[in-house]
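Below: the structure, in structure tokens.
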Amino acid sequence: VPRAFRGTQHQLEVRIMADTNPFQKQAAIPGVKSIIAITSGKGGVGKSTLAANLALALAKEGKAVGLLDCDIYGPSIPRLFGAINQKPEVNEAGKILPIVRFGIKLMSIGFLIDEGAAVVWRGPMLFKAVDQFLHDVQWGDLDFLLVDMPPGTGDVQLTLAQKVPLAGAISICTPQNLALIDVKKSIDMFSRVNVPLIGMVENMAYLQHGDQKIELFPRGEIDAYLDKNKIKKLASLPFYPSVAKASETGIPVMEYAPQSEEAQAFRQLAKALL
């Protein structure tokens, strides 16, 4: 405590904050069995695309699945599911009804604002939005609620860990060290808040061109890092141009071409998760 505050009310207030355990306020979502964070710490590694296709792959394994887009500043789930113009309704009990596409229950700030509108919010508004998406949405009975996280290790990540008991986190990383730097920080953050890491997915690992594997990124130390820290690699997914094209149409490849090699890769990831 700074010397100017010693012996004053300010010192008492600081002590109260330090003694408070924010994780005591966790509240399970009724009917939801497992909440899993899809995270990376870095943008542009494919979190949203993977979350969308993993949700559909789990549904094809017979699971009831919801997908919460917690990237408040850059929501992608409405466009990935072709639902950018849909608006959620509120039932008589005051609960927000999620948008349902391809059997997946969806919620995103992107359903509540125009796609081109910027969200200019400070921390307290982020806390409130995440809390409402978790507890004021009528999720119903779900085996899995996947949470598509924003980049970084900030307000949204901490709020999620404080508000609900997480079954675990799946970390997404592209092969280069530039991505791994940020992913390490994300993994460290979840470790500090006692959220188990289910494993890592190496995304866009290579591009298959005929018989040749083209590495789009210089291969870094990802395998050595995983081995050293005893982290399981759940999948190593190639860069699939078809996945990007399907996403642009608003129909994820798991739904667009469910029998394709690309879709089967997501099915195998879902089975690894299960």
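Return a whole-number percent for the relative contact order of the stretch 192-267, with Cα pairs under 8 Å and 6 or more residues apart as the contact set.
This gives 30 percent for the stretch 192-267.
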Legend entry - Percentage of interatomic Cα-Cα distances in the stretch 20-112 larger than 18 Å: 52 percent
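Can you give the convex hull volume of the alpha carbon atoms of the chain per residue, in Å³?
In the chain, the Cα hull volume divided by residue count equals 157 Å³.
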Inset, instruction - Given the options V90, V195, V32, state which has the largest fluctuation in a GNM of the chain using a 10 Å cut-off (strictly under) for Cα springs. - result: V90
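Write down the Å³ per residue value for the convex hull defined by the alpha carbon atoms of the stretch 142-208.
Numbers: hull volume 6.9 nm³, N = 67.
Looking at the stretch 142-208, the number lands at 104 Å³ per residue.
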Legend entry - Ratio Rg/Rh, restricted to the stretch 88-145 and using Cα atoms, in which Rh is the Kirkwood radius: 0.98
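For the stretch 205-262, count the residues as N, evaluate 2.2 N^0.38 Å, and divide the Cα radius of gyration by that value, please.
1.40
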Inset, instruction - Could you tell me which of L226, S171, L112 has its Cα farthest along the dipole of the chain towards the positive end, charges placed at Cβ (Lys, Arg +1; Asp, Glu -1), taken about the Cα centre? - result: L226
Legend entry - DSSP-defined antiparallel bridges as percent of all bridges, the stretch 24-147, nearest 5: 20 percent
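Values quoted throughout were computed directly from the atomic coordinates according to the rules given, and no laboratory measurement underlies them. The structure presented is a predicted model; accordingly, all values stated were derived computationally and were not measured. Cβ coordinates were reconstructed from backbone atoms using ideal geometry, including for glycine residues, and neighbour counts include every protein chain displayed.
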